[in-house]
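So the structure is just underneath, and the comments pick up after that.
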Amino acid sequence: VVRSLPVVSRANTVRLFHSPPELSAETIANPIKIRCRARVAYDGSNFAGFQIQHHKQKDPPRTIQGELERVLSQRFGGQPIRVVGAGRTDAGVHARGQACHFDVVVGDVLESGDNNPSRKGQAALENMFIQDISGVQNSIERMLPPDLALWNLQVAPKPLTKLIDGQWQEKEWNVMYDSKLKMYSYRIHVGPVMNPLQRRTRWHPDRVQNWFDHEKFERLIKSFEGTHDFRAFAGAIEQLELSKRKYLLEKQTKKNISVMEDNVFEDEDNNGNLVNTVRTVKSVNFSPELHEDEYSYRIDFLLEGALYKQVRNMVGTVMEVCRYGGRITESDFYELLHSRSKVRGDNLSKPAPPQGLTLEHVYFENEKSGNNYLF
């Protein structure tokens, strides 16, 4: 798996693979895995989103996760590798600073003993892997398609002991659960004619040209700052509600718990909702991109977490208010934002198209040291 790995035949009885192993229960009884993490960037134009779509078995669409797993499996000897992303971007959405993690089998323990050989072997293997990490990354990058890049490959931080449900548990580093913030950008062009070279990365909405009120747009878009219930700005909430209700019903049935009258659950809020749609937007920044032209703008959103299509719905809603003859008034907008009884069906806008959206960066705790990013 890693070039020039020796075989250790001492008392610790840890085998380091010279070459990729044939993965089976007979050959690897006690596998040693290394959790890796990396940054990922992609032009989302020709992808059906980040996540593999297993329900489309006959003709599965091209996804970022699928391409990464295909290349990583090939690079590491055919072993099945599952890639986990920090965020599941939609079809057509781009990324500059996406993050992912995956596990790689690099050796095994031939015998068990009191000296904990797996930990000794793990340390030895990690050191060798780190020594050759740039070579591994370069080979992976050469194997990836031109619209997908992986860099900053490194061994993930050690597992941490955390207090969970009143008990101390050792939890492995996880790119989803250990991320703290995400930065998304959305780019628009409000002039009469947009340079066609920008069509893959910018939205050119109609009925805003020549009269675009950037002060009004900035005032409305910055209204999203803070903690709000974004139910009226989230997609597929109804399906999530039905799925969670079905899951809770099945869970109660298995435990022989009588289902409450009218299928009411203790997790429901005052409006009968099971899915929590309250999110926090740390900051919104609206700025011109004069290096492009006088009609190009960029909106940056720093969030703790986002609902499905939340950012695109936020931009689309504000644009509908600002359109000539838009179907949403400014007072309608504030009611959608501040009334917890409003749902997506009450929002007459369409989500902004995906090509204008980019996941700029996923932030992790202690990822920066001075002016240098550790990851």
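The values are calculated or read from the model by the stated rules, or taken from the named source; none is laboratory data. These figures come from a predicted structure and were not determined experimentally. Cβ sites come from the backbone with ideal geometry, for glycine too, and all protein chains shown count toward neighbours. Quick note on the areas: whole protein, heavy atoms, side chains included, nothing else; ligands and nucleic acids left out. Shrake-Rupley method; radii C 1.70, N 1.55, O 1.52, S 1.80 Å.
Remarks
- Stretch gain in nm, segment Arg142-Lys216, where the contour uses 0.36 nm per residue and the Cα spacing is subtracted: 22.0 nm
- The modelled label-to-label distance for the pair His338/Glu172, using points 7 Å beyond Cα in the direction of Cβ, is 4.7 nm.
- Separation of region 191-211 and region 71-101, taken as the distance between their Cα centroids, equals 31 angstrom.
- A straight chain from Gln53 to Lys33 at 0.36 nm per residue would run longer than the Cα-Cα distance by 4.6 nm.
- Extension gain, Tyr308-Lys350: 0.36 nm per intervening residue step, less the Cα-Cα distance, totals 13.7 nm.
- Pairs exceeding a 21 Å alpha-carbon distance, out of Lys180/Lys216; Lys158/Lys182; Lys180/Lys282: Lys180/Lys216; Lys158/Lys182.
- Region 302-339 versus region 127-147: alpha-carbon centroid distance in Å: 42
- Surface accessible to a 1.4 Å probe, Ser341 within the full protein complex, Å²: 80
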